[in-house]
Amino acid sequence: MATPNTPLWEVFIRSRNGLAHKHCGSLHASDATMALQAARDIFTRRGEGLSIWVVPSSAITASDPSEKGMMFEPAESKIYRHPTFYDVPEEVGHM
Amino acid sequence: MAAPSIKVSETPLVLYVLRRADDALILGHRLSEWCGHAPMLEEDMALANMGLDLLGQARELYVYAAKVEGGGNDEDKFAYLRDVRQYRNLLLLEQPNGDFARTMVRQFFYSAFADLYWRAMMKSTDTTLAAIAAKSEKESAYHLRHSSEWMLRLGDGTDESHVRAQTAIDDLWSFTGEMFAVDDSERGLIDAGIAIDPADLKPQWLRTVSSIVAEATLALPTSDWMQQGGRFGRHSEHLGHLLSDLQYLQRAFPGTTW
């Protein structure tokens with residue numbers, strides 16, 4: 001129910017073994033406190049999370065889909081930016 | 001042929017556990033009635049979650065009651081095959097959902113009690129009850145927080161939500177005294193350290209409830225006349241209707257399974 005009294009919030013969850021909070025969905029709530037409780041009730045019912053962030057969706061500045069050519073295509077031809085041309089010594093282990 | 005009701009040997013401990021199990025089952029069932037009907041999807045989930053917490057508490061308590069009783073009863077028989085006069089829940093918890101404000105006020109009054117109750121019961125000399133209390137306390141603490149937040153928003157929200165919340169408080173207030181009542185069968189368990197004396201919880205309950213209600217710009221009634229009866233099977237007219245819904249399948253098709 002999208003009304004001026006219940007704006008949209010974006011929900012980020014940090015899982016048990018995850019290092020970073022990951023975006024997992026959105027919800028409607030009257031304010032930050034209720035958004036946090038709703039996030040808990042909707043997104044952590046199966047033990048998914050140990051920490052929750054909620055952010056007003058209106059606080060997010062998004063890139064324009066119509067500009068994706070300008071924004072992202074120039075990176076596609078620069079394969080040398082992928083660190084796949086190095087031999088990693090075995091002693092280094094996981095990087 | 002409809003399934004007949006079971007007989008229960010209500011020793012003090014069996015009765016004590018059944019009373020708390022019935023509290024959890026009946027309030028949990030009331031909350032489940034909101035499923036698909038809540039004012040918004042987010043709250044639909046919140047109410048169902050609380051209902052499931054309570055159903056989990058009810059199951060553990062019924063299993064323990066069956067073990068203590070030592071007869072042929074089990075959790076399903078306690079839930080599905082006792083008549084309304086055999087139910088021992090608080091009258092407050094069988095009251096109809098009404099509007100959202102009424103459901104939240106009922107939840108708030110009870111959760112403010114349950115949170116204190118389960119925390120105190122963690123020190124029970126009965127290790128099973130202490131373990132159930134440790135799990136239930138965390139759930140009740142969240143139910144209290146959630147319902148408290150709604151009390152503030154309903155009371156201090158719009159004129160309409162304020163009136164609805166205040167009406168619910170006025171209508172449900174007389175059912176709150178039963179939470180703190182003790183009868184002879186419970187007195188012995190309290191003396192043995194198995195149960196706690198709920199009267200000891202009342203000052204703290206009143207402080208919690210009063211401060212939230214005041215912050216929500218609402219008011220508690222001054223009347224101290226209180227309803228009694230649920231603990232002894234004397235219920236309001238609402239519980240029978242609830243049970244006819246809850247028990248229909250097992251009564252009509254005894255022993256049926258999914």
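The values are calculated or read from the model by the stated rules, or taken from the named source; none is laboratory data. What you see is a predicted model; the values in this text were computed from it and never measured. Counting neighbours? That spans all protein chains shown, and the Cβs are built from the backbone with ideal geometry, glycine included.
If you filter region A:1-21 down to residues that are facing another protein chain (nearest Cβ under 10 Å) and crowded, with 18+ Cβ neighbours inside 10 Å, you find that the one that is farthest from B:Trp150 (Cα to Cα) is A:Trp9. Scanning region A:22-35 for residues that are more than 7 Å from chain B (Cβ to nearest Cβ) and under 16 Å from the mean Cα position of the chain (by Cα) yields A:Lys22, A:His23, A:Cys24, A:Gly25, A:Ser26. Summed over region A:22-70, residues that are assigned to a helix (DSSP H, G or I), surrounded by fewer than 16 Cβ atoms within 10 Å (Cβ to Cβ) and free of Cβ contacts under 8 Å to residues at least 12 places away in the same chain total 8. Of the residues making up region B:241-258, those that are modelled with pLDDT of 95 or more and surrounded by 15 or more Cβ atoms within 10 Å (Cβ to Cβ) are B:Leu242, B:Leu243, B:Leu246, B:Gln247. For B:Leu154, state whether it is at pLDDT 95 or above and under 16 Å from the mean Cα position of the chain (by Cα). No; evaluated as a whole, the condition is false for this residue. So which helices (runs of 4 or more DSSP H) are wholly in region B:1-85 and hold at least 2 residues that are within 14 Å of chain A (Cβ to nearest Cβ)? Those helices (runs of 4 or more DSSP H) span B:41-69.
Taking the listed residues B:Ala165, B:Ala214, B:Ala195, the one that is surrounded by 18 or more Cβ atoms within 10 Å (Cβ to Cβ), among the small types (Gly, Ala, Ser) and part of a helix (DSSP H, G or I) is B:Ala165, with no other qualifying. Residue pairs whose Cβ atoms lie under 7 Å apart, sitting 6 or more positions apart in sequence or on different chains, and linking a residue in region B:185-208 that is of a type in the set (Lys, Arg) to a partner that is surrounded by 15 or more Cβ atoms within 10 Å (Cβ to Cβ), are B:Lys202/B:Phe180. Residues in region B:79-113 that are of a type in the set (Phe, Trp, Tyr) and under 15 Å from B:Met151 (Cβ atoms): B:Phe100, B:Phe108, B:Phe109, B:Tyr110, B:Phe113. Output the residues belonging to region B:111-151 that are in contact (Cβ under 8 Å) with a residue 60 or more places away in the chain and not in a helix (DSSP H, G or I). Once the filter is applied, which keeps residues that are in contact (Cβ under 8 Å) with a residue 60 or more places away in the chain and not in a helix (DSSP H, G or I), region B:111-151 yields B:Lys123, B:Ser124, B:Thr125, B:Asp126.
Please work out which residue is surrounded by the fewest Cβ atoms within 10 Å (Cβ to Cβ), limiting yourself to region B:8-35 and to residues that are touching a residue at least 60 places away in the same chain (Cβ under 8 Å) and more than 14 Å from B:Tyr87 (Cβ to Cβ). The residue in question is B:Ser9.
Take B:Gln86 and decide whether it is crowded, with 22+ Cβ neighbours inside 10 Å, out of contact with any strand residue (DSSP E or B) (no Cβ under 9 Å at 6 or more places or on another chain) and in contact (Cβ under 8 Å) with a residue 60 or more places away in the chain. The answer is no for B:Gln86. Within region B:172-186, is even one residue outside any helix (DSSP H, G or I) and of a type outside the set (A, V, I, L, M)? For region B:172-186, residues outside any helix (DSSP H, G or I) and of a type outside the set (A, V, I, L, M): present.
The set of residues in region B:217-227 that are touching a residue at least 24 places away in the same chain (Cβ under 8 Å) and either over 21 Å from the mean Cα position of the chain (by Cα) or loosely packed, with under 14 Cβ neighbours inside 10 Å (or both) comprises B:Thr217, B:Leu218, B:Ala219, B:Pro221, B:Ser223, B:Asp224, B:Trp225.
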